[in-house]
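The structure appears right after this line, and notes come after that.
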Amino acid sequence: MTRRLYLETYGCQMNVADSELMLGRLKGAGYRLVDRADEADVILLNTCAIREHAEQRVYGRLGELSRHKLRRPGVVLGVAGCMAQHLRGKLLERVPQVDLVVGPDGYRNLPELIEAACEEPTLAVRLSRVETYEDLIPARADGVRAWVSIMRGCDKFCSFCIVPFVRGRERSLPIGEVIRQVEHAAAEGFREVVFLGQTVNAYRDGDVDFAELLERADRVEGIARIRFTSPHPSDMTDRAIEAIASCRKVPPQVHLPLQSGSDAVLERMRRTYTMEEYEVLVEKLRRAVPGIALSTDLIVGFPGETEEDFSATLRAVERIGYESAFIFKYSPRPGARSAEWPETVPDREKTRRITILIDRQKAISLRKNQADVGSTVEVLAEGPTKRSDMEWFGKSMHFKTVVFPHREERVGDLVSVRVAAATPHALLGEGVRSAAFAALEDVHA
Ligand code: SAH
Ligand code: SF4
Ligand code: F3S
């Protein structure tokens, strides 16, 4: 009998890719995906632990989903991913309706774990030094973009971060498997691959480094674009920069997390670079790849962050001129080093700082996008916007969202779009009706 699976994914792209691995594994064991929890025999949440808020959301959701077990006691409720690894047995204590807790290195045995969880609460939270799931075939969702995890874990231990504790030591997939996955994605009709890893440019398999991986992937037929996220500034070698510049399919775009513009804060964060080193790297990238689009991650309210440190972040954002940024309030994570340090920035002050920084970045993004007005950009068509079938969206080479009037294009086509207007979040093609201005925010939501 086929079992019905309901799967919800939280957190970063690595979790999205892991969910596709889990689904591939479970489909092979006779499961079928359903899109409603009340139709499922197995309910699985793939969770995130990066900030406290991420865990609160999952607790809330588990409360709601638990009611399915009241009506149908045979339902298996499972928690996978980083929060499962972080809380382990505590999760079973706190939410007794949970039957299965499985960490990021336990997915290979998922069918057996679910069987066990039918009998008694089951815990699978051993981290592995070697597991890369290299031989598992992910069941990818339709679309133009295929996620390919090329490495797992992280050895950086930034003082604020839970990832090294919940995803274990850094390990890379064999290069042959990575290329095979790119070829497989191309054969399935995907037009773009995104290489994933917490420090993706630390990739290494014997003599093969990240630069060579890009060069080999660049030669795979059928793929139009090759992206990667997130590289760590300290792992960005000259060879990698050359490869980004020379590989035809690697677009001029890099996400380069900065975290803070203050050297004192960067040091306490254990980010392993100074502001000056970071800016030298930005210069090198700009010289090698003219017009490169940069985006970043920033944290406000780290322990000890003074008004002057925060101003340094504002100045850095102005100087560097990112196309976009993800900005977060610091959240202490039990287990990570900085959680032992007293919080010095109260929440209302974090709110003040994040509001100022978001507004500043919004103005910069708008300025950058307005500079594209009048130019023609190449867009990888993804499909209709939420508001209108007549207006489609896709990403430019610089990874900007572009809305354009739909004519004959099919999903996955590369379309030339003349930019007529811009918002902080997107570019609007010529002929897009003004109503679409609002629709842009939908694309992003
Ligand atoms: N490996 C990536 C980051 C992964 S987590 C890198 O090193 O760049 C994504 C982002 O979440 C981080 O870049 C950071 O900005 C944010 N983040 C991580 N831990 C956090 C915490 N404890 N509080 C607030 N933001 C955090
Ligand atoms: Fe976390 Fe730092 Fe590793 Fe990124 S590099 S995952 S921020 S420890
Ligand atoms: Fe969250 Fe785990 Fe990703 S903690 S951000 S889902 S690696």
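Tell me, which residue of segment 1-38 that is loosely packed, with under 14 Cβ neighbours inside 10 Å and under 20 Å from Gly63 (Cβ atoms) is farthest from ligand 2 (Cβ to nearest atom)? The qualifying residue farthest from ligand 2 (Cβ to nearest atom) is Asp38.
In this structure, does Val58 turn out to be of a type in the set (Val, Ile, Thr), at pLDDT 95 or above, on the phi < 0 side of the Ramachandran plot and crowded, with 21+ Cβ neighbours inside 10 Å?
Spelling it out, Val58 is indeed of a type in the set (Val, Ile, Thr), at pLDDT 95 or above, on the phi < 0 side of the Ramachandran plot and crowded, with 21+ Cβ neighbours inside 10 Å.
When residues of segment 38-60 are filtered for being more than 12 Å from ligand 3 (Cβ to nearest atom) and among the small types (Gly, Ala, Ser), how many remain? The number of residues fulfilling the criteria is 2.
Conditions first: (1) open to solvent by 20 Å² or more (accessible area, probe 1.4 Å); (2) within 16 Å of ligand 1 (Cβ to nearest atom). Arg219 passes all but one, so which condition is the exception? Failed condition: (2).
Here Phe165 fulfils each of the conditions (1) touching a residue at least 24 places away in the same chain (Cβ under 8 Å); (2) in contact with a Cys (Cβ under 7 Å, 6 or more places away or on another chain) apart from (2). Among the residues in segment 251-258, are any buried (at least 20 other Cβ atoms within 10 Å of the Cβ), assigned by TED's automatic domain parsing to the domain that holds Ala336 and either small (Gly, Ala, Ser) or over 20 Å from the mean Cα position of the chain (by Cα) (or both)? Within segment 251-258, not a single residue is buried (at least 20 other Cβ atoms within 10 Å of the Cβ), assigned by TED's automatic domain parsing to the domain that holds Ala336 and either small (Gly, Ala, Ser) or over 20 Å from the mean Cα position of the chain (by Cα) (or both). Among what's in segment 369-401 and is of a type in the set (Lys, Arg) and within 23 Å of the chain's Cα centre (by Cα), pick the residue that is most open to solvent (accessible area, probe 1.4 Å). Ranking the qualifying residues of segment 369-401, first place goes to Lys386. With respect to the conditions (1) open to solvent by 10 Å² or more (accessible area, probe 1.4 Å); (2) without any contact (Cβ under 8 Å) to a residue 24 or more places away in the chain, Tyr273 falls short on a single one, namely (2). Checking segment 42-55 against the condition returns no match, with no residue being modelled with pLDDT under 95 and surrounded by 14 or more Cβ atoms within 10 Å (Cβ to Cβ).
The set of residues from segment 2-54 being among the small types (Gly, Ala, Ser) and under 20 Å from Val76 (Cβ atoms) comprises Ser19, Gly24, Gly28, Ala29, Gly30, Ala37, Ala40. Condition (residue is under 25 Å from Ala29 (Cβ atoms) and touching a Ser or Thr at 6+ places or on another chain (Cβ under 7 Å)) applied to segment 60-75: is it met by at least one residue? No, segment 60-75 has no match at all.
Considering only segment 289-312, how many residues are within 13 Å of Gln253 (Cβ to Cβ) and open to solvent by 10 Å² or more (accessible area, probe 1.4 Å)? Walk me through how you get there before you give the answer.
Step one: of segment 289-312, the residues within 13 Å of Gln253 (Cβ to Cβ) are 289-296.
Add one more test, that the residue is open to solvent by 10 Å² or more (accessible area, probe 1.4 Å), and what stays is 289-291, 295.
Residues in segment 289-312 being within 13 Å of Gln253 (Cβ to Cβ) and open to solvent by 10 Å² or more (accessible area, probe 1.4 Å): 4 in total.
Among the residues of segment 259-268, the ones that are away from ligand 3 (no atom under 16 Å from the Cβ) and surrounded by 22 or more Cβ atoms within 10 Å (Cβ to Cβ) come to 5 in all. Can you say whether Val166 is open to solvent by less than 10 Å² (accessible area, probe 1.4 Å) and over 24 Å from Leu87 (Cα atoms), as far as the supplied structure shows? For Val166, the condition - open to solvent by less than 10 Å² (accessible area, probe 1.4 Å) and over 24 Å from Leu87 (Cα atoms) - is not met. Among the residues making up segment 310-339, those that are assigned to a helix (DSSP H, G or I) and either within 10 Å of ligand 1 (Cβ to nearest atom) or more than 30 Å from Lys400 (Cα to Cα) (or both) are Arg337, Ser338, Ala339. Just to be sure, is Glu340 in the same structural domain as Gly412 (by TED's automatic domain parsing) and of a type in the set (D, E, K, R)? Taking the combined requirement at face value, the residue does not satisfy it.
Exactly one residue out of Ser234, Ser246 is surrounded by fewer than 21 Cβ atoms within 10 Å (Cβ to Cβ), more than 24 Å from Lys156 (Cα to Cα) and not assigned by TED's automatic domain parsing to the domain that holds Thr401: that is Ser246.
Contact annotation: no residue pair with Cβ atoms under 6 Å, 6 or more positions apart or on different chains, pairs a residue in segment 183-210 that is outside the structural domain of Cys154 (by TED's automatic domain parsing) with a partner that is part of a helix (DSSP H, G or I) and more than 16 Å from ligand 3 (Cβ to nearest atom). Might you let me know whether segment 143-151 holds any residue that is closer than 15 Å to Arg225 by Cα and within 14 Å of ligand 3 (Cβ to nearest atom)? Yes: one or more hits. Within segment 150-160, being open to solvent by 10 Å² or more (accessible area, probe 1.4 Å) and either closer than 15 Å to Gly197 by Cα or more than 11 Å from ligand 2 (Cβ to nearest atom) (or both) holds for Cys154, Asp155, Lys156, Phe157.
If the condition is being crowded, with 19+ Cβ neighbours inside 10 Å and within 16 Å of the chain's Cα centre (by Cα), then segment 117-143 contributes only Arg140.
The values are calculated or read from the model by the stated rules, or taken from the named source; none is laboratory data. Keep in mind it's a predicted model, so treat the numbers as computed, not measured. Please note: Cβ atoms are built from the backbone with ideal geometry, for glycine as well, and neighbour counts cover all protein chains shown. SASA here: full protein model, heavy atoms, side chains in, ligands and nucleic acids out. Shrake-Rupley method; radii C 1.70, N 1.55, O 1.52, S 1.80 Å.
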